[in-house]
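Every number here is computed from the coordinates shown, using simple stated rules; none is lab data. Bear in mind that the values here come from a model prediction, so they are computed numbers and not experimental data. For neighbour counting, all protein chains shown are included, and Cβ atoms are generated from backbone atoms with ideal geometry for every residue, glycine included.
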Amino acid sequence: WKPSTYRDEVALQFSNKFFTLPQYTQGEAPIPLHKDIDPKGILTSVAQKNDLLHLPDNSVSYYMKQDSSNSKGTFQLCHPQTIQNGFMVEAQVSFLVFPLKDKRYKMIRRLYSIFILSTAVETVCH
């Protein structure tokens, strides 16, 4: 594993695969790909032609803080397109590390959800 860079700084990238091969589903039922992710159904069509499945583990949830009157606030689901440069976000992630041969390891980074905590930075800049 090699870290990514952003503006000459070390960065971590997180993403999810849209689909899983049937042999890796362990009997888990597929779910439809959300229309925000695949509005024209192109990915769904490719998946069906290639026997790929979209599972809950392939999904990422997006939330936006609704109540800023207290430090906890409440969160509601939002569209992924809501997130803009300058927003303060929190990401729920996990790291899975698997041993390989010759004292090597493989690290998988998994993105579960993104929470928009504040749009104040973006608002001030524009």
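Computed quantities for the displayed model
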{"read-out": "Estimated [θ] at 222 nm from DSSP helical runs (n ≥ 4, -39500 (n - 2.57)) normalised by residues in the chain, nearest 500", "value": "-3000 deg cm²/dmol"}
{"read-out": "For Leu53, net neighbour charge (Lys/Arg +1, Asp/Glu -1) across residues whose Cβ lies under 12 Å away", "value": "-2"}
{"read-out": "Rotationally averaged projected area of region 1-57 (alpha carbon convex hull; nm²)", "value": "5.8"}
{"read-out": "Loop-located GluC sites (Glu not before Pro) in region 17-126, at most 16 other Cβ atoms within 10 Å (DSSP)", "value": "Glu28"}
{"read-out": "Considering only the chain, percent of DSSP beta bridges that pair antiparallel, nearest 5", "value": "80"}
{"read-out": "20 Å Cα cut-off, lysine pairs counted over the chain (separation 8 or more, or different chains)", "value": "10"}
